[in-house]
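First comes the structure, then the notes that go with it.
Quick note: the coordinates plus some simple rules give every number you see, no bench work behind them. Predicted model, so just to flag it, every value in this text is computed and none were measured. Ideal geometry is used to build each Cβ from the backbone, glycine not excepted, and the neighbour counts take in all protein chains shown.
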Amino acid sequence: MNSFCLRLKFRHWLGAGLAIATVLAGLISGRAAANDAFARGLEFSRAGEFPEAAAAFRESANAQPAAGTLVNLGLAEWQCGHAGPAILAWEQARWIDPYEQRAAANLNFARQVAQVDAPSLKWYEAVSTWLPPNAWVWLAGLALWLAVGLLVLPGIFRRPRAGWHRLLAALAFGIFLFSLTANSGVVSRTQIGFVVKKNAALRLTPTREGEVITAVAAGEPARRLRTRGNYVFVRTLGGAGWLERDEFGLICPR
Amino acid sequence: MQNGSHFPDFTPRLSRAWRMAKRARRLLISCGLLAPLALAAQTPPHLPPGGLIQLQVQQPAVDITSPVTATASFDPPVAGVGQKIFYRVSVDATESSVDWPDPPPVPAGLKFGPKTSGQLTQMQGNRFRPLAAFVYEVQPATTGHFSVPGFPVMVSGTAVDVPAASLDVTTTDSGLPPPRQLRLDLSKTNVYLGEPFRLRVILPPGPNRQIEAVREIELNGDGLMTDKTALQQAIEPVNLDGELKPAFVAEMIVTPIAAGPQRVWAQGFTAGTEFTAPFVIRGQASLAAGPPKYVLLVSDPVEIRVRPLPVAGELPGFTGAIGKFFADPPRLSANRVQVGEPVRLTLTFHGEGELTRFVPPLAPRSRDWQIIADPPPATSFTLVPLADDSHETPAIPFSYFDPETGKYVDLTIPPLPITIVGEGLPATVATADDEGAAQPPLKLSAPAPRPGKIAGSLKPLQLRPWFIGLQLAPVVGFVALWLWDRRRRYLEAHPENVRRARARRALRRERKELQKAAAAGDTAAFVRHAARALTIAVAPHFPADPQALVGGDVLAQVTGAATPNHLATIRAVFQAADGQFATHPPLAPDLPALRPGVETLLQQLEEKL
C-alpha cells in the first residue's frame, strides 16, 4: 500500500516536473531565437544593410518584445528612410521601458527632423508613463488587497487593530486609487498609434474612393476611435478621418 | 513563347521546272543580299527634292480599257442524276463592278444552291487584270439536256453577255471525273467560344497527279475569325478517300467568335505554280506546268459546334487563353533595387494549345508598384517600385481555360522576394540656440548592444482576461478566511457539537479495532475495545471524559431505550473488561455470542450522537 502511494506521488511529481520543463524549454527556445535574430540584426546594421537589419530586429521583437530590440529596429527603419515605423518602434520601446534613454533621445531627434508632433497626452495618461504599464496594474492589485487585508485579517485572527494597521491601510488604499487613474491612462494609451506610411491619405469615408481630407505625414500621432473593415477612424492633431489599417500602427497592437 | 507542335522535314524532290525556278529565285535573293555590301562604300548620291519618287519600283498598270469578257460552263458538262455539279461564270472585271443577277436564269429540273463568289488579280502580259468568278452548286433532279441561256450582266454600267452553258444529265455515271473541290480538315469540330483551332484547306491533285497552288483562300461562314498571319502552306501527302496522295495544303488558325452551330466552307482559286507565300514540300510531288488557270473552287460545308465558356468558376486574370498552358518559374532581373529603379520580370509560358492567339496576363494595379506590361507577344513586365515598404513583387493574376476538363485553371504569377532600398533619412542635424550660436548637433543614438528589458507582450495586463481572473484569487482567500472564522465562532458557541464530533471519530476508530479483534478471535481485546467504545458513545451525553465512565454510567444512559438483551450485553462486556484486573479472572465470555449484540448497541449509540 505504502509503495503504491509512493509510486503514485512519484508519478505526480514527474508529471508536474515534465510540464514545468516543457514550459521552460519553450520560453528558453523562444528567447534563444529572439537573441539569434537580434545578433543578426546587429551584424546587418554594422554592415550597413539596413533593410535586412530591420527584418531581423522585427523578427526578434515579434518573438520577444524588448526595449533594446525596438530601439535598434527604429534605428534600422530610420536608416531605410521609414520615419513612421521608426517612431513607432521607439514609442514601443518607451512603452516597455519608460526609462529607456536611447528611445527618448531618438524620438526627440526624429520629431525634429520629420517635423511631427508627439502625442498629446491627458494628465492621467502622462501619469501612466511614470512606470511600465504592467507595473501599474500590479501596484493597484497589491495596494488594494493590502488595504483589505490590513482591515480584515486582524479581526479574523483575533488580533487587536493597531494604529499602524489603519495608517498603512489608508496609505495602500490611496495608492490603489491613484493607480486606478494611471491604469485608466494605460488603457487609454493603447489607442494611440502613429502613421507609418508616407503621406497617408486621411479620408472622409472608409472606402478607397473616399474623399481625401488631407495627407498625414509619417510618424504623425493619432488616436484610434473605431475600426470598420480595412479602415480605422482616427483623430489626429489636424482632424479626424479614415486611414487604411496598414497605414496606421498602434503602440500596443491587438 | 514556344510552341509544342512541329513538323518533320523531308527532303523535297522537285520536278525539273521547279528546280529551275528555285535556282532563279536563289540567284535573285543572293543579288538582293549582296547589293547593299557592294554599295556600302559608295557616297550616297545627292538627290533633288522629290527625286526619291524616281527610285520607286514602277508597278504594272491595271488593265481597265480592254473589253470585258465572260465565260460560263458546267463542271463537269456530263453528269448523272443527283451528282454534284458546279455552274461557274468568270468575268474579267472586279467583283464589285459586276451587277450579278441572283439567281441567274435557271432551267427547270436543275436545283441551284447558294452563290459563292470571289476575285483575284491575274497578270496578263505586263498588266494586271481583275477576274471575278461566280459559282453555284447544282444538283440535277432528272435526266436530260439542260441549258442555261446566255444573259447580260451589267459591268460598270456596260452590258456584257454571259454565254450559254449546257449540261447533259444521264441516268448512269458519265465516267467523267467528279468536279474539283477544295476539302476542309478541322483539328476539332467541338470547340469553346474563343478557342483557336487549326484548319487545313486541301486541294487534291488534278489530272496526272499534278499539284496546283491555291490563291485567295477565304473561309465563308459567320462566327469565325481567321488568322491569316499564321498561314502555312505545304505540299504533303494527305489521306484522300483512303489513299495517300500529295496535295496542296494551306493551314491556318481559326477562332470561333459566336456560340452555337457554325457552318464553314472554303473557297479559293487554283493558281498553277503561283505560290504567294513560302511553302514546304514533303514527299514526292509534281507541279502543274504551263500558265495557271484560275478556277474558283469551293469546299463542302463543315458544321462546328461552338460552346460558350462557362461563367461559373471563372478565375481572376482570365485573358481568354484556352488550351493547356504551363509557366516556368518567373525570373527577376535583380533582387535588390532602389525606389524608382525598374526591374524586369520575365515570364515564360509553354502550351499544348494554340499560342499564336495567347494573350499574356494583364498588368494589375498596385499602390506600391508601377507595372508595365511589355507589348504582346512578349510576356514580361517592367516593375517600378514606388515605395520601399514592399518585400515582394506583386502577384500577377492569370488563369486559362482547359477545354479538356472544362474548368478554369489558376496560373497566377506568384510574388517574388525582393529588397527595395529607399532613401535614408539624416542621422545628424545641426542645431543652434535662439541667438544663432551653434550647438552640439542632434544625432541618433548608437544601437543597443543587448535586447534590454523584455516584455511578454506589448499588450498590457489590464487588457488580458486571465489577469482579471487572477484578481479573484485574493477574494477567494478572504472569503475562505471569513467562512473559517464563522465556523470557528459557531463551534465555540456550541461545544456539544465538538464533543459529539470527536466522539464519533473516536467511536469509528474503536469499532475498527473491535472488528479486528473479533476477526482475530482475541476475546480480551474485543471486550476492552467494546467497553471503551461504549463509554465513548455515551460520554457526550453527560458530558464527561470517556475514561471517567464505568459500566453503570453506560447502563444509566441507555436504560429506557435499550432492550434487556442490550443491558445484558453491556453488563457482560464490562464484567469481562473489569475481570481482567481481578486476581482470578472469570471465564472469558463467548465472543461469537457477544459480537452481534455489541455491534447493534454501538450502532444505536452512534446514531444518537
Assigned charges on the beta-carbon of Lys, Arg, Asp, Glu; the range B:365-491 dipole about Cα centre (debye): 1680
Two-site FRET efficiency, B:Ala258 against B:His350, from Cβ-Cβ distance with R₀ of 30 Å, rounded to 0.05: 0.50
Cα gyration tensor shape for chain A, rounded if a/c is under 1.5, else prolate or oblate: oblate
Folded to 0 to 90 degrees: helix A:2-47 orientation relative to chain A principal axis, Cα: 20
Hydrodynamic radius by Kirkwood, which averages 1/r over all alpha carbon pairs of chain B, in angstrom: 37.6
Too-long pairs where the Cα-Cα distance tops 21 Å, listed order kept, from B:Lys324/B:Lys407; B:Lys188/B:Lys324; B:Lys84/B:Lys111; B:Lys516/B:Lys608; A:Lys198/B:Lys453: B:Lys516/B:Lys608; A:Lys198/B:Lys453
Whole-number percent relative contact order across chain B, with pairs defined as alpha carbons under 8 Å at least 6 apart: 9
Karplus-derived HN-Hα couplings along the range A:241-254 (A = 6.51, B = -1.76, C = 1.60, θ = phi - 60°), whole Hz, x at Gly and Pro: x, 9, 10, 5, 4, 7, 9, 9, x, 7, 4, 10, x, 7
Hydrodynamic radius (Kirkwood) for the range B:180-307, which is based on Cα pairs only, to one decimal in Å: 14.9
Per-peptide average of other Cβ atoms within 10 Å, ordering A:213-225, A:147-159 highest first: A:213-225, A:147-159
Kirkwood hydrodynamic radius (C-alpha pairs) into Stokes-Einstein, the range B:496-608, 4 °C and 1.567 mPa s, D in µm²/s: 93
Only Lys, Arg (+1) and Asp, Glu (-1) charged, at Cβ; the range B:66-170 dipole about Cα centre in debye: 140
Virtual spin-label span in nm between A:Asn199 and B:Phe542, 7 Å along Cα→Cβ: 10.4
Degrees, to the nearest 10: A:67-79 long Cα axis against longest axis of chain A: 10
Under 5 Å, built H, 5+ apart or other chain: amide partners of B:Leu182: B:Val298, B:Ser299
Taking the convex hull of Cα positions in the range B:66-170, its mean projected area over all directions (nm²): 6.5
Degrees between helix A:133-156 axis and first principal axis of chain A (Cα, 0 to 90, nearest 10): 20
Two-decimal Rg/Rh across the range B:272-328, once Rg and the Kirkwood Rh are taken from alpha-carbon atoms: 1.22
Rounded Å value of the spacing that divides the Cα centres of the range A:189-222 and the range B:377-438: 21
Kyte-Doolittle mean at least -1.0 and Cα axial length at least 18 Å: DSSP H helices in chain B: B:16-39, B:472-493, B:523-538, B:564-579, B:591-608
Surface/4 estimate of mean projected area, convex hull on alpha-carbon atoms of the range A:43-184, nm²: 11.2
Ranking of B:Val191, B:Val89 by count of other Cβ atoms within 10 Å, fewest first: B:Val191, B:Val89
Inter-probe distance in nm under a simple model that places probes 7 Å from Cα toward Cβ, at A:Ala16 and B:Met225: 7.9
Burial order of peptide ranges B:59-69, B:417-427 (average beta-carbon count within 10 Å, highest first): B:417-427, B:59-69
Amide H contacts under 5 Å for B:Gln122, placed H, 5+ residues apart: B:Arg129, B:Leu131
Contact order relative to length of the range B:318-421, as percent, for alpha carbon pairs under 8 angstrom and 6 or more apart: 33
Alpha carbon centroid spacing (whole Å) that separates the range B:493-526 from the range B:244-297: 121
Spatial separation of Cα centroids for the range B:102-167 and the range A:44-89, in angstrom: 87
Cα gyration tensor category, rounded, prolate or oblate, for the range A:124-189 with a/c compared to 1.5: prolate
Integer Hz, Karplus 6.51/-1.76/1.60 couplings in order for the range B:93-101, x for Gly and Pro: 7, 6, 5, 6, 7, 8, 8, 7, x
Spin-label pair B:Arg209/B:Thr319, simplified geometry with 7 Å Cα→Cβ offset, distance in nm: 4.8
Cα gyration tensor category, rounded, prolate or oblate, for the range A:2-114 with a/c compared to 1.5: prolate
Neighbour-count order for B:Phe197, B:Phe151, fewest beta carbons within 10 angstrom listed first: B:Phe151, B:Phe197
Ranking of B:Thr428, B:Thr172, B:Thr270, B:Thr523 by count of other Cβ atoms within 10 Å, fewest first: B:Thr172, B:Thr428, B:Thr523, B:Thr270
The range B:206-225 residues near the modelled B:Glu303 label - backbone nitrogen below 19 Å, point 7 Å along Cα→Cβ: B:220-224
Rg to Rh quotient for the protein assembly as shown, alpha carbon positions, Kirkwood Rh: 1.33
Quotient of Cα Rg and 2.2 N^0.38 Å for the range B:318-421, N being how many residues it contains: 1.12
Expected-Rg normalisation [2.2 N^0.38 Å, Cα atoms] applied to the range B:412-461: 2.10
